[in-house]
Structure formats: structure tokens, C-alpha cells
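The values are calculated or read from the model by the stated rules, or taken from the named source; none is laboratory data. Keep in mind that what you see is a predicted model, and the values were worked out from it rather than measured. Every residue, glycine among them, receives a Cβ derived from its backbone with ideal geometry; neighbour counts consider all protein chains shown. Note: areas computed on protein heavy atoms with side chains; ligands, DNA, RNA excluded. Shrake-Rupley method; radii C 1.70, N 1.55, O 1.52, S 1.80 Å.
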Amino acid sequence: SDESSEDEAQIKWEEQQIKKAVKLSQETYDRASLHKSQPAKPKFDPSVSLPPVNLEMVKKRLTERITSLQDVHRAHQREYEKYVEDIESSKMTVQELEKSSDAAMNYKFYRAMKTYVENLINCLNEKLKYINDLELAVHVLLQQRAVRVLKRRQDELKNESAYIQHLTSGNDKPTNGGLEGDEKTQLLEMCEHRRTCRRQVRESSGEADHHEGMSSDDELILTEVTEFQKSKDNVLEDSRKVFEDVHADFCDIRKILLKFQEWKEKFPDSYCDAYISFCLPKLLNPLIRVQLINWNPLEQNFTELEEMPWFRAIEEFSDAKNTPESKRDDDPDQEVLPRVIGKTILPKITVFVKNMWDPLSTSQTKNLVQLCNNIFEKQDLSKNECSRAKEDLMNMVVQRMKKSVEEDVFIPLYPKSTVEDKSSLRAKFQDRRFWSAVKLLSNVLLWNGIVQEDTVRDLGLSKLLNRYLLLNLLNTPPGPDNIEKCNKVVACLPERWFQDLKSGSTLPELLNFCQHLLQCACVLHKNNHSNETKEVLLLLVKVKALHIVEDFIEEYKLEHLKSMI
């Protein structure tokens, strides 16, 4: 037991010694590691000499240091700006990629639109020949009717003039063995019958302001009317079949425009780049012409353009509600309707003026003037293609009026002794021809404000009034008949011609007419016809021939008439 206790004490002592040795070794290792981690401090050797230092050297060193730092700062700034640009570029790329996510849908739309336009063009090209034929057929029918009426009127004028020339007796009654059994006499009888029928209609309607010769005499016989209407109905029936085998998407103008409206709303940039507003007038031309096959602007109560389906569809397309007010002025679709008018409507009106219009017809002339006024006032036709179409139309109007003045005006001059009896054939024929010329004068002057004023004055005053009407007035003795004729002539003159005349003188083209009125006033005053004299002076005042009136009042001392000036 003593030995075992000594052994245990020995073992404990050994363990304690080992622990002490391990702990000492660890502390020694830690101190060595700490000593190695701390750099050795340089030792100052006072025997070593340092370079001299002054303020300039310090300043130079600091300047160099600042310059170096500034260079580094600028480099960092450039690098920062580059990073900012990269960020913005990345954002744009993200946006484009987000948009390009619909690329498949966009491609599908463009491909469908391309296919639709190609099919539409192919369809219209296929139908264009039929449309041209139908339009030509209607124009031929209307032209044949107009030519028939014009030829009949000219033939009757020649026959009636020749018939009166063959009168040899002084009582103006035809001889029994003359032309009564001839075909020409039958034509004259038919003409007189139509004249009588029109007179009865006027009397029943209470129309008072009318003179024989002021009617257009464009009535057709029943068989001609029936034949014309039958041919026209056949053409209209064929026109309704032109697009009967075509889907509405390719012949309904409204639906066609909706397709392009969808394009414009989805992709406005590509829509403008494709110049669709320039293409639509030509694209819609055949479809509009089909709707205009039965349109005749010379007829009474013709359909106004604004009431037609194609016009309303284009108008709605041009004034789309979703177009902001600020962009409407720059919207190229605003020019679609004026271009349609210039490319389709004005050329069609020009054809009517050239081939069907009768300048002697007041109703036809008023319809044309009203139509042109509506178009020129409401539509901006200042573009080159529209202005050329307008110029062509006006030139054709002037050409037709010149032709009518040269071919339709004929006022015979008979000795005064043969026309004193107003019931004689010569007197009636001369009066009818005079009033027919007055009607043409009135129709010509209706174009004032549309046709250039110089042209209207040349046709109406220089050619019609001074060359034809004035000769008849000079051959008519002063009196109620002469005053009525002069009054009607003055009533035809546009008031705007005299609004800016402040010199007391009338228009140069009216000087001869005013001299005739002055002579009438002198004769009537000498014959003590004071009321008639006043009427003639009032006519001179209306045409602004104030100097002539003043001189007349002063010469005949009619101070009580100065109030009319």
C-alpha cells in the first residue's frame, strides 16, 4: 500500500510537470508570433544627414500631388459618365425588348394588311373595265339626249326664220300654197304646241315674270322619254351587279377606311411613311364612280355630295374622333376628301359641262353654280392636282358659254314698220329671240364670283349685250316695252360690280347701254312721260351712271329728281 501511494504521487507530479511545460511552450510561441507580426521600427541614426527642405519644394510636391489627384478624379468622372450612359442604354434596350415581345403580332398584322391591300387592288382592277363601260353608257345616253334637244332647237330656229322670210304679204299670214304641207311646217307646229303647253302651265301656276322665248324648250316626246328611261334603267341594273360577288370588306368604302384607320392607330409612323393619304383617293376612285353613275348635277333636286354614303364615310375618316385637336392640322388624312373631290368629282362635272350642259337652261346653270360654290367654299382645293382640275372645269365652262353665245343667239332685225304690230309673226319671233338672249345673259352672269370677273364681263357685256341685245333695244321705240327690256337687262347685272365705283361713271362695257337709256329718257321727257322718264333714270342710277343723271337733271331742270341720286 505504501508503494502504490508513492506511485500515484509520482504520476500526479509528472502530469503537473508536463502541463507546466506545455503552457510555457504556448506562451513562448505566442510572444514570438506577436513579435514577428510587428514591423521593426527604424532606428534613427543621428549621424546620417537629410537633404535641405524649403517652402518651394513643399509647394511643388503639394502641387504635383494635387495634379495627380485631379487626373485620377477626372478619370473616375469619365468612368462614372460611361457607366451612366451604359445604364441609360440598357434601359432603352430593355424597353425595346419589351416592345419587341409583340413582334410576332406586329408581323402578323403587316402581313394581313399586305394581303388585304393586294386583294383589294386586284379586285378593283378586275372591276374597273365594267365600271368604265357603265359610266360611258350613262354619259352617252345623257349626251345623246342633250344633242337631240340642241339640234331640234337649232333646226326649229332655222325653219322658223326661213318660214318668216317666205312671207310675202304685209299682213304676216302665210300663203296657202307655201310650206304648210312640208315637214318643216310640222316641226314648227310641234314647237308652237310645246310653247302653248308651257304657257298654260305658267298661267295655271301663276308665274307672271316670264316672256316667250325664255323657256329652254327641252321637252322630249313620250316615246323618247320612255326609250331613254328604259336604257338608263338597264345600265343602273347592271351597275348594281358590279360588286354583287365581292365581300363587303372589299367594296364598302366605310369598311375599307376602317382597315386603314386601324393601321393608323396601331402604327402611325409606318402609316405616314407609306403615304396612305395620297393613295386613298386613287384607291377609292372606282368605288365612288359606281355610286355616281346615277348622279346628274344638271337635274332638279339632284343628290348633294354631302348626302352620299362615300362622302360621309371619307368625312368621318378624315375627322376621326380619336385624333387630338393639336394634331389635326398636321394630319395628312385631312387632305383625303379634297383630293377625292379634285381627282374624281371635278373631272366628272367637267364631262357634264362639256357634253350635257345647256347654257340656255337656267335650271341646269343654277344647279351647276350652286354645286361649284359648295365645293369651292367648303373644300380646300389649293393643292396642285386639285387646282388643275378646278382650272380645267372653269375653262370648260367658259368654252361652252362662248359656243352658246356664238351658236344659240340670233336676233333678227326687221324694219320698224313690220314689227310695230306686236301680234305679227315677225314681232313675236323677234321678241322671242331677244328674250332668249336675255336669258343666256342672265345665265352667264350667274357665274360671276366663280369664273374670273373679266371673262364674265367680256362674255355677258361685250359680246351679248353690246353685240346683240343693244341692237334690238336701239330698234325698239322708247316706251313701256323698251323700258321693260332694259329693266330686265339691268336686273341681270351683279350688284358687286358697282359697289366700288365711286367716280360717278359706270363700267366701260355699259357706256353704250347708258347712252341708249339717256336717249330714251330724253324722248320720254319731251313726250311728257314723267313716270317712264323716272324709271329710266333709276336704271342709270343702278348702274352708277350718276354723271349722266346729274347732267340730265340739270339740263331739263328736274331738281325734284335729285333725291334719287
Using a Cα-Cα cut-off of under 29 Å, which lysines could be cross-linked to residue 502, ignoring same-chain neighbours fewer than 8 residues away?
463, 485, 488, 534, 542, 544, 557, 562
Percent of accessible area on the stretch 230-350 owned by carbon and sulfur, 1.4 Å probe?
48
Suppose we look only past 27 Å in the calculated P(r) of the stretch 425-564. What percent of the Cα-Cα pairs does that tail hold?
20
With only Lys, Arg, Asp and Glu charged, each at its Cβ (+1 for the first two, -1 for the last two), find how big the charge dipole of the stretch 342-491 is about the Cα centre; round to the nearest 20 debye.
240
Suppose each label sits 7 Å from its Cα in the direction of the beta carbon; what would the residue 246-residue 500 distance come out to in nanometres?
4.9
Could you work out the relative contact order of the stretch 425-564, using alpha carbon pairs under 8 angstrom and six or more residues apart, expressed as a whole percent?
22
Per residue accessible area of the stretch 425-564, 1.4 Å probe, in Å²:
46
If I compute solvent accessible area with a 1.4 Å probe over the protein chains, what percent of it on the stretch 425-564 is carbon and sulfur?
46
